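Q: Just passing along the structure, written as structure tokens.
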Amino acid sequence: MNTEEDEVFFEKLKNHPRLKKRFNEILSVAENTSGELITADQAEMKAIEEVRKLGQELMQEWATSQHEKVIQNAKKDHPKVKKHIKKNSIGNQHSDE
């Protein structure tokens with residue numbers, strides 16, 4: 001990567017703090033900063049775990065992004081439609097008397 005590509009990458013990463021945290025965790029495995037990974041098997045298992053978590057974080061970020069796009073498109077296409085909000089009230093309870 002060149003400097004410009006690095007800047008673009010880091011700028012994108014700023015918009016996704018959960019992914020940034022996960023990448024830091026993966027780098028910690030690579031550098032074994034905790035000192036707990038003694039064998040290659042331990043390092044491999046930790047790496048697999050962190051990559052799996054990265055995939056989960058990525059899908060959550062993607063789903064949130066897609067949801068926001070759908071909402072924005074719906075607002076644009078139907079500006080008078082009101083957003084459905086779930087009521088917090090439990091309503092009136094009926095007595096058995």
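Q: I'd like the orientation of helix 3-14 relative to the chain: the angle between its Cα long axis and the longest Cα principal axis, in ° from 0 to 90, rounded to 10.
A: Taking Cα atoms only, the helix is inclined about 40 degrees.
Q: Net charge near His16: determine it from the other residues with C-beta under 11 Å of the C-beta of His16, scoring Lys and Arg +1 and Asp and Glu -1.
A: Value of the local net charge: +3.
Q: Enumerate the calculated ³J(HN,Hα) couplings along region 32-39 in order (Karplus 6.51 cos²θ - 1.76 cosθ + 1.60, θ = phi - 60°), each rounded to whole Hz, writing x wherever the residue is Gly or Pro.
A: Using θ = phi - 60°, the values come out as 6, 5, 7, x, 7, 8, 9, 10 Hz.
Q: Of Lys53/Lys82; Lys12/Lys80; Lys46/Lys86; Lys12/Lys53, which pairs sit farther than 30 Å apart, going by alpha carbon to alpha carbon?
A: Checking Cα-Cα distances, Lys53/Lys82; Lys12/Lys80; Lys46/Lys86 exceed 30 Å.
Q: I would also like to ask the following. I'd like the FRET efficiency for Gln56 and Phe10, computed as 1/(1 + (r/R0)^6) with the beta carbon distance as r and R0 of 25 Å, rounded to 0.05.
A: Values: r = 23 Å, r/R0 = 0.90.
That pair, Gln56 with Phe10, gives E of 0.65.
FYI, it's all coordinate maths here, none of it is from the lab. Note that the structure is a prediction, hence the values are computed from the model and not measured. Cβ: placed from backbone, ideal geometry, glycine included. Neighbour counts: every protein chain shown.
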